[in-house]
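To start, the structure itself, in structure tokens.
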Amino acid sequence: MSTPAAPAVVLLSGGLDSATALALAREQGFACHALSVDYGQRHAAELGAAARVARALGALEHRVMRVDLAGIGGSALTDTSIAVPESATSGIPVTYVPARNTIMLSLALAWAEVLGARALFIGVNVLDSSGYPDCRPEYIEAFEATAQLATKAGVEGRPCRIHAPLISLTKAEIIRTGMRLAVDYALTVSCYQADAEGRACGRCDSCRLRRAGFLAAGVPDPTRYRGAAPA
């Protein structure tokens, strides 16, 4: 009798990176439980994309949890009075959502503990992260250490490891990895101001990084844009 696959929780936003992280978790033989978070983001079309990606990549289940980060605001992704930048900026951009990854990882960690999962996957990336502080390796290491101290599973010697397999990859390398794993990037939504149909603006930071990644990877860009595709 074969041994059942070990469970893993995969944070799945519906974007390019998290779809690739899910594909990698599946390749490693995990039974994947995908978790998306409806936090009041203006690009809510990504949640529909997450559902499509979860089905396409064979997630055992897909859950959406709700947290009202729009009630806190402080980010162009949760406060519609703050414009999403459409040109390069310096420093940490206004699209940074305060404590978002900490909140999402905490939700995923709680579910992992209930499932008995000792693996949690997140698609953060330091090279193409727009300068977000919660996409850095030292942050992931610190959260994993906290998880070991703060959970029953960790205290009893069954800690959950935080896997960030894309952390040091370029966007082109992420895309090539996904192509090897048959990820259909046409299902994903990365744009910070995608419309209700998931069509991208082609101008925000996320769109620029995504477009540049496909160009560098030598892979046709399957992104649906509201207007003409960027040059």
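The values are calculated or read from the model by the stated rules, or taken from the named source; none is laboratory data. From a predicted model like this one, the values you see are computed outputs, not experimental measurements. Cβ placement follows ideal geometry from the backbone for every residue including glycine, while neighbour counts extend to all protein chains displayed.
Residue-wise test of (1) of a type in the set (Asp, Glu); (2) closer than 14 Å to Trp111 by Cβ; (3) crowded, with 22+ Cβ neighbours inside 10 Å.
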| residue | (1), (2), (3) |
| --- | --- |
| Ser18 | no, no, yes |
| Leu47 | no, no, no |
| Arg63 | no, yes, no |
| Leu77 | no, no, yes |
Fill in: Selected residue (only one of Leu69, Leu16, Leu47, Leu60 is among the aliphatic types (A, V, I, L, M) and in contact (Cβ under 8 Å) with a residue 60 or more places away in the chain)
Leu16
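Might you let me know whether region 131-147 holds any residue that is touching a helix residue (DSSP H, G or I) at 6+ places or on another chain (Cβ under 6 Å) and within 22 Å of Ala50 (Cα to Cα)?
Taking region 131-147 and keeping what is touching a helix residue (DSSP H, G or I) at 6+ places or on another chain (Cβ under 6 Å), we get 134, 143, 147.
Still in the list and also within 22 Å of Ala50 (Cα to Cα): 134.
Within region 131-147, one or more residues are touching a helix residue (DSSP H, G or I) at 6+ places or on another chain (Cβ under 6 Å) and within 22 Å of Ala50 (Cα to Cα).
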Worksheet item: Among all residue pairs at least 6 apart or on different chains, which show Cβ distances below 6 Å where the first residue, located in region 81-110, is touching a residue at least 60 places away in the same chain (Cβ under 8 Å) and farther than 10 Å from Tyr132 by Cα and the second is part of a loop (DSSP other than H, G, I, E, B) and of a type in the set (Lys, Arg)?
Response: Glu86/Arg203
Worksheet item: Within region 32-39, is even one residue crowded, with 18+ Cβ neighbours inside 10 Å, at pLDDT 95 or above, acidic (Asp, Glu) and under 29 Å from Arg161 (Cα atoms)?
Response: no
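Does Arg42 fit the bill of being within 13 Å of Gly15 (Cβ to Cβ) and of a type in the set (Lys, Arg)? Talk me through it step by step, then tell me what you get.
Values: within 13 Å of Gly15 (Cβ to Cβ): no; of a type in the set (Lys, Arg): yes.
The answer is no for Arg42.
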Discussion item. List pairs: first residue in region 193-221 and touching a residue at least 24 places away in the same chain (Cβ under 8 Å) and surrounded by 16 or more Cβ atoms within 10 Å (Cβ to Cβ), second residue of a type in the set (Val, Ile, Thr) and outside any helix (DSSP H, G or I) anywhere in the structure, Cβ distance under 7 angstrom, at least six positions apart or on different chains.
Written reply: Gln193/Val84; Gly198/Val189; Ala200/Thr223; Cys204/Val84; Asp205/Thr95; Arg210/Thr223
Practice prompt. Using the structure shown, decide if Phe121 is touching a strand residue (DSSP E or B) at 6+ places or on another chain (Cβ under 9 Å) and without any contact (Cβ under 8 Å) to a residue 60 or more places away in the chain.
Written response: no
